[in-house]
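Below: one structure, written as C-alpha cells.
The values are calculated or read from the model by the stated rules, or taken from the named source; none is laboratory data. Remember, predicted model here, so these are calculated numbers, not experimental data. Glycine gets a Cβ as well: all are built from the backbone with ideal geometry, and neighbour counts include every protein chain shown.
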Amino acid sequence: MTADERTFLNAICAQPEDDTARLVFADWLAENGDPDRGEFIRCEVELSRTQPGSDDDNRRRSVLLKRRDELFKKHKAAWLAPFSPFATAGSFVRGFVQSLEVQASTFLQHATQWFSITPLTRVKFTACRIWDPVTSTYTLWTEPLFASPFLSRLEVIDLESLHLNATDIEWLAAHPDLSRLRELVLTGNNIHSEGAITLANMPQLKGLEIVDLRSNGITDTGARAIARSEHLGQLRELWISRNSIRERTWDLLRDKFGSALMG
C-alpha cells in the first residue's frame, strides 16, 4: 500500500459519512492502475444519492446497478479477500465494506487490519463464547470485546442471542466511548433488570436511537429504570416486549417514549 493510498483510507475511515474523500480516492484509483475499483466506488455513491422515484431516476439506477454488479462479479474475490468469509456483496455501502457478521474472537483478531482499510460501522456478533472440546469448557470473549477501542467506531452493535447477562452489560458500561453508537441489539439474552438498570445509567448511550431489549427477563424494576433514564432521550425505537412488565409500567414507558415505544 502506498503512502497516498494510506492517506486516502485514513480519511475515509475517520469520516465514514462523508462522500468527498471516497470520490477523490476513486479518481486517484482511476489514475493509478485500478479504474474498476474507482468506478465501483463512484457507482455506489451515485446509487446512494439516486433514490427510486421518477422514470429518469429509475432508469439511471438500473444502469448503475447493472454496472455495479458487473464490476463486483469480476472482482469480488479480491475485494472480499480481507474480510472473507465474513462479508458479502450486501456488506458494501458506497464502495466499501461497512458491515460484518463475525464471532467476537475473530473480530478482536482482525479488527486492527479491518478498520485500517474500510469504514466499518455495523457488526453483528455471532458468538461471544467458543466451546473447547479438550477442556470441555467455554472460552468467553465478552469482556475483551467490550473493552475493545474499536467499539467506539461502530454505529450498530448487534448482540442478539449471545447468552449475555448483567455482568456483561457492566463490562460494556465500562467502555469509555460509544459516542457513535446509534443502534444496540440485545434481543434474546439474559440481562434481566440489573442489566437494564446499567444500560439506563450509561451516559455513553446518549446518542442511541434504537435499542432492542426483547426477551431478556426484564421486570418492572428494569423497565422503570429505562423509562426514567436521563441518557436515552434520543430513542426513535425502543423494543422491550416479551419481558415481565406490568401495564402500569408500560404506561410509564409510553409517557416517556411515546411513538418510539415499538413493543
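Just give me the residues in segment 1-37 being small (Gly, Ala, Ser) and closer than 21 Å to residue 98 by Cα, in sequence order.
Step one: list which residues in segment 1-37 are small (Gly, Ala, Ser), which gives 3, 11, 14, 21, 26, 30, 33.
Selection gives 11, 14, 21, 26.
Given the options 103, 113, 98, name the one that is at pLDDT 95 or above and over 19 Å from residue 158 (Cβ atoms).
113
Do the conditions hold for residue 81, that is, is it surrounded by fewer than 19 Cβ atoms within 10 Å (Cβ to Cβ) and touching a Ser or Thr at 6+ places or on another chain (Cβ under 9 Å)? Working first, answer last.
Working: surrounded by fewer than 19 Cβ atoms within 10 Å (Cβ to Cβ): yes; touching a Ser or Thr at 6+ places or on another chain (Cβ under 9 Å): no.
Taking the combined requirement at face value, the residue does not satisfy it.
Identify the residue in segment 116-127 that is more than 13 Å from the chain's Cα centre (by Cα) and in contact (Cβ under 8 Å) with a residue 40 or more places away in the chain and, among all such residues, is surrounded by the fewest Cβ atoms within 10 Å (Cβ to Cβ).
Looking at residues that are more than 13 Å from the chain's Cα centre (by Cα) and in contact (Cβ under 8 Å) with a residue 40 or more places away in the chain, I get 116.
Scan segment 219-242 and give yes if some residue there is surrounded by fewer than 18 Cβ atoms within 10 Å (Cβ to Cβ), of a type outside the set (Gly, Ala, Ser), more than 18 Å from the chain's Cα centre (by Cα) and on the phi > 0 side of the Ramachandran plot, otherwise no.
yes
Only residues that are among the polar types (S, T, N, Q) and closer than 21 Å to residue 188 by Cβ: list them for segment 208-248, please.
215, 216, 219, 221, 241, 243, 244
If you scan segment 179-201, which residues turn out to be assigned to a loop (DSSP other than H, G, I, E, B) and either β-branched (Val, Ile, Thr) or crowded, with 22+ Cβ neighbours inside 10 Å (or both)?
181, 186, 187, 189, 191
Please enumerate the residues belonging to segment 243-255 that are touching a strand residue (DSSP E or B) at 6+ places or on another chain (Cβ under 9 Å) and either in a helix (DSSP H, G or I) or crowded, with 16+ Cβ neighbours inside 10 Å (or both).
Passing the criteria: 243, 245, 249, 250, 253, 254.
Could you give every pair whose Cβ atoms fall below 6 Å, whose first residue belongs to segment 202-219 and is more than 18 Å from residue 239 (Cβ to Cβ), and whose second residue is modelled with pLDDT of 95 or more and buried (at least 18 other Cβ atoms within 10 Å of the Cβ), counting only separations of at least 6 or pairs across chains?
Short answer, once both residue conditions are applied: 204/178.
Are any of the residues in segment 98-109 farther than 23 Å from residue 36 by Cβ, of a type in the set (D, E, K, R) and touching a Lys or Arg at 6+ places or on another chain (Cβ under 6 Å)?
yes
Do you know which of the residues in segment 128-152 that are crowded, with 21+ Cβ neighbours inside 10 Å and within 22 Å of residue 208 (Cα to Cα) is nearest to the chain's Cα centre (by Cα)?
Filtering segment 128-152 for residues that are crowded, with 21+ Cβ neighbours inside 10 Å and within 22 Å of residue 208 (Cα to Cα), the one nearest to the chain's Cα centre (by Cα) comes out as 151.
Which one of these is outside any loop (DSSP other than H, G, I, E, B), within 24 Å of the chain's Cα centre (by Cα), closer than 21 Å to residue 74 by Cβ and not aliphatic (A, V, I, L, M): 46, 5, 39?
46
Which of the residues belonging to segment 70-91 are touching a strand residue (DSSP E or B) at 6+ places or on another chain (Cβ under 9 Å) and either of a type outside the set (S, T, N, Q) or in the same structural domain as residue 102 (by TED's automatic domain parsing) (or both)?
Answer for segment 70-91, where residues must be touching a strand residue (DSSP E or B) at 6+ places or on another chain (Cβ under 9 Å) and either of a type outside the set (S, T, N, Q) or in the same structural domain as residue 102 (by TED's automatic domain parsing) (or both): 72, 79, 80, 82, 83, 86, 87, 90.
Please state which of the following conditions residue 174 fails to meet, knowing it meets all the rest: (1) touching a Phe, Trp or Tyr at 6+ places or on another chain (Cβ under 9 Å); (2) within 21 Å of residue 123 (Cβ to Cβ); (3) surrounded by 16 or more Cβ atoms within 10 Å (Cβ to Cβ).
With (1) touching a Phe, Trp or Tyr at 6+ places or on another chain (Cβ under 9 Å); (2) within 21 Å of residue 123 (Cβ to Cβ); (3) surrounded by 16 or more Cβ atoms within 10 Å (Cβ to Cβ) applied to residue 174, the lone miss is (3).
Give, as residue ranges, the strands (runs of 3 or more DSSP E) completely inside segment 123-163 that count at least 2 residues that are closer than 14 Å to residue 99 by Cα. Let's see the steps before the verdict.
Working: elements: 129-132, 137-140, 156-158.
It comes to 156-158.
Could you give me the residue pairs with C-beta distances under 8 Å whose first residue belongs to segment 226-237 and is not assigned by TED's automatic domain parsing to the domain that holds residue 255, whose second residue is crowded, with 20+ Cβ neighbours inside 10 Å wherever it lies, and which are 6+ apart or on separate chains?
From residues that are not assigned by TED's automatic domain parsing to the domain that holds residue 255, there are no pairs.
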